[in-house]
Amino acid sequence: MTREQPDDNSWPVSLISPFRRTARTSPASWNSLIPWLGALPIGLYFLALALPRQWRMQTTGFDLGIFEEAVRGYASGHAPVVALKGAGFDQLGDHFSPLLAVLAPVYRLFPGAQTLLVAQAVLFALSTVPVTRTAVELLGRARGLAVGLAYGLSWGLCRADLFDFHEVALAVPLAAWSVAALVRGQHRAAVCWALPLLLVKEDQGLLVAGIGVLVWWRGGRRLGAATVLAAVAGTLLAVLVLVPAFNPGGSYTYAANGAWHGDPLNRLLLPEAKWHTVKLLLAPTLFVALRSPLCLLTVLPLAARFWTTNPTYWSTGLHYNAVLMPVLFLALADGLRRLPRWTGPAARAIPALALVLALAHAPRPDLSGPDPQVRQARQVLAVIPDGATVAAANQLAPQLTDRCTVSLFPYLTYPNAAGSVGRPVARWVAALDRPGDFPVPEPDQLTALAALPTAGYRVVAAGGGVTVYQWNGN
């Protein structure tokens, strides 16, 4: 074996020293095909998790309907207005996610909430390609494929897929390709894949900054420093200028999450639920990811989440951990190569164990179709004409957002810069007979339902637990 100088074509074992090519490396043709073969079942799995939920009316307006309205706006050549969040509410005034526009051409061809669910499954599947390819090069064909499949089935991706659709779906493959390029020593490629993360959501600048720091550490001083500066500038521009410019209240709604109060150390480290999240993030890698400097990329995103006082951000649910998964599984592959006795049987079994763990904890898809009640509910919703303005219950919204202008029933309202509140005027209301409690408390929903007749609405169809009202006023 000969030691190669690190360049854009070499693969470093660590982020400091160059990689040693070994005779065990698989033929390039097979190594390039295996990641794509592994991505196929992962994509089908995520489709099986998500699509039947839409068919069974288990998806929600918050957030699938919100993102569909935004993408529908882009697809029609207009602003990404989200009526579910308020009359004329521009999605860019909530989160800076202009990269959602890349989904517009597909949505224009195949309009519907299911298009976003399919797109998310494809994006998650594509993210397995750089993870598997890197793991195959570092660990060999069988073990590399095991790492890639374990990543594809990781709980962070599964829980994101089960929580309808979010813009983070665009961030996951970008992060995967960026970090894979970083492992390879391809600094420019790593930065080029990372910078579009700034257009996915304003908080992704923390990951971009971390990538810049590692590029700087590995010797790319100018490129790394420029990347960190771009991440900081892009984040500040989004939070302080761009989002407030589109927000009806002229502010960044989530600014309170970063408010400075209380003891900073306790705020970051307590309560114990935060450490539970850390343990669950590392457990799928059998904690071997800690041996890789790539783990440092999770520090800033986790610190920002732990700094908030909202427990939702600390949790292992929803979509907040999805973008950390490719980082951690690439750290697993890199960490395994750092083990002093990597050739020992225990160390060599770790990829297989990681895959077994992932298979054991991956949720089973429910492929059942809509029951008679859901079919009846769909018939009731069908009386609402295309192009109508509808105030819909959270669970009913994504059944209508592809063909109507849908606001939330009862309304969530946001004050504008002048202090007044704009409410959409809906000629139709689609309500649940037994409303849930999100995002509007159930008592408020029941009060709003009782007030519909006096507001000029009459029942035009009912069944399947759904009632549709039409406004008779002028």
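The values are calculated or read from the model by the stated rules, or taken from the named source; none is laboratory data. All figures in this text were calculated on a predicted structure; none of them were measured in a lab. Quick reminder, even Gly has a Cβ in these numbers, built from the backbone with ideal geometry, and neighbours come from all protein chains shown. Keep in mind that these areas ignore ligands, DNA and RNA; they rest on the heavy atoms of the full protein, side chains included. Shrake-Rupley method; radii C 1.70, N 1.55, O 1.52, S 1.80 Å.
Here's the yes/no breakdown for (1) modelled with pLDDT of 95 or more; (2) aliphatic (A, V, I, L, M):
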residue: VAL327; (1), (2): yes, yes
residue: ALA347; (1), (2): no, yes
residue: ALA362; (1), (2): yes, yes
residue: ASP371; (1), (2): yes, no
residue: ALA382; (1), (2): yes, yes
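If the condition is being surrounded by 12 or more Cβ atoms within 10 Å (Cβ to Cβ) and assigned to a helix (DSSP H, G or I), then the stretch 245-273 contributes PHE246, THR253, TYR254, ALA255, ASN257, ARG267, LEU268, LEU269, ALA273.
All told, ALA430 falls short of being outside any loop (DSSP other than H, G, I, E, B), modelled with pLDDT under 95, open to solvent by less than 70 Å² (accessible area, probe 1.4 Å) and small (Gly, Ala, Ser). All conditions in (1) over 21 Å from ARG337 (Cβ atoms); (2) open to solvent by less than 10 Å² (accessible area, probe 1.4 Å); (3) among the small types (Gly, Ala, Ser); (4) out of contact with any Phe, Trp or Tyr (no Cβ under 6 Å at 6 or more places or on another chain) hold for ALA119, with the sole exception of (2).
Per-residue answers, yes or no, for (1) of a type in the set (Gly, Ala, Ser); (2) modelled with pLDDT of 90 or more; (3) within 30 Å of ASP437 (Cα to Cα); (4) buried (at least 19 other Cβ atoms within 10 Å of the Cβ):
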{"residue": "PHE19", "(1), (2), (3), (4)": "no, no, no, yes"}
{"residue": "ALA23", "(1), (2), (3), (4)": "yes, no, no, no"}
{"residue": "SER29", "(1), (2), (3), (4)": "yes, no, no, no"}
{"residue": "PRO35", "(1), (2), (3), (4)": "no, yes, no, yes"}
{"residue": "ALA50", "(1), (2), (3), (4)": "yes, yes, yes, yes"}
{"residue": "TRP55", "(1), (2), (3), (4)": "no, yes, yes, no"}
{"residue": "ALA75", "(1), (2), (3), (4)": "yes, yes, no, yes"}
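Selection within the stretch 296-317: residues that are small (Gly, Ala, Ser) and outside any helix (DSSP H, G or I). The member of this set that is most open to solvent (accessible area, probe 1.4 Å) is SER315.
For (1) at pLDDT below 95; (2) among the aliphatic types (A, V, I, L, M); (3) under 19 Å from the mean Cα position of the chain (by Cα), each residue gets a yes or a no:
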{"residue": "ARG184", "(1), (2), (3)": "yes, no, no"}
{"residue": "ALA190", "(1), (2), (3)": "no, yes, no"}
{"residue": "TRP193", "(1), (2), (3)": "no, no, yes"}
{"residue": "ALA230", "(1), (2), (3)": "no, yes, no"}
{"residue": "LEU237", "(1), (2), (3)": "no, yes, no"}
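Answer with yes or no whether ALA273 is over 27 Å from TRP314 (Cβ atoms) and within 24 Å of the chain's Cα centre (by Cα). Against the criterion (over 27 Å from TRP314 (Cβ atoms) and within 24 Å of the chain's Cα centre (by Cα)), ALA273 does not qualify.
So that you can scan it fast, the table gives a plain yes or no per residue for (1) touching a residue at least 12 places away in the same chain (Cβ under 8 Å); (2) open to solvent by 20 Å² or more (accessible area, probe 1.4 Å):
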position: LEU294; (1), (2): yes, no
position: HIS319; (1), (2): yes, no
position: VAL327; (1), (2): yes, no
position: ALA331; (1), (2): yes, no
position: ASP334; (1), (2): yes, no
position: PRO345; (1), (2): no, yes
position: HIS361; (1), (2): yes, yes
position: ASP371; (1), (2): yes, yes
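Of the residues ALA181, ALA175, ALA171, the single one that is more than 14 Å from ALA125 (Cα to Cα) and assigned to a helix (DSSP H, G or I) is ALA181. Close contacts from the stretch 81-99, counting a first residue that is within 16 Å of SER251 (Cβ to Cβ) and at pLDDT 95 or above and a second that is open to solvent by 30 Å² or more (accessible area, probe 1.4 Å) and part of a loop (DSSP other than H, G, I, E, B), with Cβ to Cβ under 6 Å and a gap of 6+ residues or different chains, come to ASP90/ALA79. Exactly one residue out of ALA426, ALA430 is closer than 27 Å to PRO248 by Cα, aliphatic (A, V, I, L, M) and in contact with a helix residue (DSSP H, G or I) (Cβ under 8 Å, 6 or more places away or on another chain), and it is ALA430. Each residue in the stretch 44-85 was checked for being hydroxyl-bearing (Ser, Thr, Tyr) and not in a helix (DSSP H, G or I), and 3 pass. Pick out the one residue from ARG108, ARG133 that is at pLDDT 95 or above, under 15 Å from ALA331 (Cα atoms) and among the charged types (D, E, K, R). Going through ARG108, ARG133 in turn, the sole match is ARG133.
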